Structures are given as structure tokens and as C-alpha cells.
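Take a look at the structure set out below.
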Amino acid sequence: MGARLNPYLAFPGTTREAMTFYQQVLGGDLTISTFGEFGDPGAAGADGVMHAQLETPSGLVLMASDTPPGQDFDTSQSGGMSVSISGDDEAIRGYWDGLADGGQVTMPFEKQMWGDEFGMVVDKFGVPWMVNLAPSENAGA
């Protein structure tokens with residue numbers, strides 16, 4: 001394998017809930033490791049998520065963690081970033097529906113001037129997403 005660029009999200013103690021939600025939306029296998037598994041299981045924050053990784057059958061990889069015990073959650077570190085998901089697989093429409101459920105649509109998912117369907121949403125965990133569905137090469141065939 002060469003190099004991969006993967007989104008790595010940070011949450012203020014809601015990583016398990018968020019990643020379970022993303023697994024329901026995107027499918028795939030979710031692994032979760034806690035701070036307690038790699039330290040003192042009796043320590044404060046031991047049940048917090050040190051690392052979570054979701055790998056989908058279509059090759060998407062999403063990672064996340066809770067803010068480590070004793071550190072404040074700083075949302076200013078996001079740098080105005082969004083998670084983008086795009087392709088020509090109709091499953092993307094379902095991803096949009098799932099991410100928008102309970103979230104705030106900032107741009108409706110609809111046909112754009114470049115011919116794709118595109119929308120933007122901030123999901124119920126505060127993560128901004130850009131979703132783009134290109135016409136399938138097999139469309140109309």
C-alpha cells in the first residue's frame with residue numbers, strides 16, 4: 001500500500017455514539033479501543049474512546065477519538081474543514097439521507113450546474129459533510 005489520506009475526527013466524549021451512527025449510515029466494520037485498554041482501567045475517562053476506525057466495503061475509512069482525559073475539547077482546531085464523500089454509486093444518496101437525519105442541511109442535495117447532485121450538511125454531531133453524486137457511466141445505457 002502507498003499512502004492514504006483519512007479523515008480523523010475528534011469529539012468531546014461522543015465518539016462511540018458518533019462512530020456507531022456513521023457505521024449505520026455508511027456500513028462496514030467498526031473497531032473501538034478505549035483509554036482504559038491501554039492504561040489504567042480504573043482511571044477517570046478510562047471508558048473514553050482512544051481510537052475508533054470504521055472501514056466500509058467500498059473502501060471508505062473514517063477514524064475518530066474522544067478528547068484525552070484532562071484535556072479541553074477545542075473546536076477551533078478544525079480549520080474550517082469538511083468531510084467529503086463523492087462518487088457515482090447510488091449508495092451515496094443513502095449516505096446523504098443518513099447524514100442529514102438529525103443534522104442541519106446547509107445546501108440541499110440537488111442537481112448542480114456541473115451535472116452532479118451535491119449537498120452540504122452538518123450532521124447531528126457537528127461534523128460538516130460535502131456529498132457529491134456524479135452520474136453513473138452506465139446511466140442511460
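Values in this text are rule-based calculations from the coordinates and carry no lab data. Because the structure is predicted, anything quoted here is derived from the model rather than measured. No Cβ is skipped: glycine too gets one built from the backbone with ideal geometry, and neighbour counts run over all protein chains shown.
Structure data summary
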quantity	calculated
Given charges at beta-carbon only (K, R positive; D, E negative), |dipole| of segment 81-141 in Debye	220
Convex hull projection area averaged over all views, the chain, Cα basis, nm²	10.5
Percent RCO, i.e. relative contact order, over segment 97-141, from Cα pairs under 8 Å lying at least 6 residues apart	33
Dipole magnitude of the chain, debye to nearest 20 (Cβ charges: Lys/Arg +1, Asp/Glu -1, about Cα centre)	140
Percent of Cα-Cα distances greater than 16 Å, calculated over segment 81-141	40
Using alpha carbons only: equivalent-ellipsoid semi-axes of segment 1-69, gyration tensor based, whole Å	23, 13, 10
